[in-house]
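Since the structure comes first, as structure tokens, the remarks are kept for the end.
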Amino acid sequence: MKRKDPENLGSVLQQYLVAIGADKHIKEIRVTQEWDKIVGPMIARNTGDISLTEGVLTVKFRSAIIRNEISMRRSALQTMINEAIGEEVIKSIVIK
């Protein structure tokens, strides 16, 4: 029996996560965990609930001013988040 070359554990784990479909869920979790870093402290302080399901990011803001500003810059925020994650995880944003 011929031995295969050893593989990097991280690479094998990533392949497994992709195979079972968990990689997408992990990226969704990263968005909520890294929200503060992505949007900055001022917006993060004014963020209430945040959730991501099936590519739809739903964010509640405590400040009407921030909510209006984010509404106007929704596509820029979407691009910023997707770039931070390294993949198009966000397909649309719902602001409340």
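The values are calculated or read from the model by the stated rules, or taken from the named source; none is laboratory data. These figures come from a predicted structure and were not determined experimentally. Virtual Cβ from ideal backbone geometry, glycine too; neighbours counted across all protein chains shown.
Scanning the range 33-59 for residues that are surrounded by 14 or more Cβ atoms within 10 Å (Cβ to Cβ) and either touching a strand residue (DSSP E or B) at 6+ places or on another chain (Cβ under 7 Å) or over 19 Å from residue 85 (Cα atoms) (or both) turns up 35, 46, 47, 50, 57, 58, 59. Cβ-Cβ under 6 Å, sequence separation 6+ or interchain: first residue in the range 60-77 and outside any helix (DSSP H, G or I), partner surrounded by fewer than 14 Cβ atoms within 10 Å (Cβ to Cβ). Which pairs? Cβ pairs passing all conditions: 60/48; 60/49; 60/96; 62/48.
Quick check, is residue 93 assigned to a strand (DSSP E or B), of a type in the set (Val, Ile, Thr) and touching a helix residue (DSSP H, G or I) at 6+ places or on another chain (Cβ under 7 Å)?
Spelling it out, residue 93 is indeed assigned to a strand (DSSP E or B), of a type in the set (Val, Ile, Thr) and touching a helix residue (DSSP H, G or I) at 6+ places or on another chain (Cβ under 7 Å).
With the condition kept exactly as written, say whether any residue in the range 12-24 is surrounded by 11 or more Cβ atoms within 10 Å (Cβ to Cβ), in contact (Cβ under 8 Å) with a residue 60 or more places away in the chain and not small (Gly, Ala, Ser). So far as the range 12-24 goes, yes, one or more of its residues are surrounded by 11 or more Cβ atoms within 10 Å (Cβ to Cβ), in contact (Cβ under 8 Å) with a residue 60 or more places away in the chain and not small (Gly, Ala, Ser).
Of the listed requirements (1) touching a residue at least 12 places away in the same chain (Cβ under 8 Å); (2) in a helix (DSSP H, G or I); (3) within 10 Å of the chain's Cα centre (by Cα), residue 51 misses just one: (2). In this structure, residue 81 qualifies as among the β-branched types (Val, Ile, Thr), modelled with pLDDT under 95 and either in a strand (DSSP E or B) or under 11 Å from the mean Cα position of the chain (by Cα) (or both). A single entry from 85, 90 fulfils the requirement of being under 19 Å from residue 23 (Cα atoms) and touching a Leu at 6+ places or on another chain (Cβ under 7 Å): 90.
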